[in-house]
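Structure, as structure tokens:
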Amino acid sequence: MIMADWIASNPTFFPMGTFDVEAQRKRLNQGWDTLGLEHPWGAYTGDAAASDLYSSRFGWKNPTLRPMQEVVANAARAMKGGGMMCIEAPWDRVKLRLDSSLPKF
């Protein structure tokens, strides 16, 4: 799963403001350098349990996943090829937890 919205809207990587073309190029380069993505994305093709994926991604020991985390991990694994998954829920119930707790497959 790719959290493009989180990356693009994170002021640590891409400070907000109005920029001319040259400043925008500089902002982009600095953002990518700060983000530090070293390797291109590749699909996870293993069959590890969802809890193991969360554990390896976030360093959690023996995580107890919420039901939605299990559902999302399993749905992502079942996708054929690339795709987009939209998860809809009341803002105060999911947004803050979901952004930081989904593994990157």
Check your understanding: If each of ALA8 and GLU88 carries a label point 7 Å out from its Cα toward its Cβ, how far apart are those two points in nm?
Key -> 2.0
Exercise for review: Would you mind putting 59-67, 80-88 in packing order, based on average other-beta-carbon counts within 10 Å, highest first?
Suggested key: 59-67, 80-88
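Values quoted throughout were computed directly from the atomic coordinates according to the rules given, and no laboratory measurement underlies them. Note that the coordinates shown come from a computational prediction; the quantities given were computed from them, not determined experimentally. Positions of Cβ are backbone-derived with ideal geometry, glycine not excepted, and every protein chain shown enters the neighbour counts.
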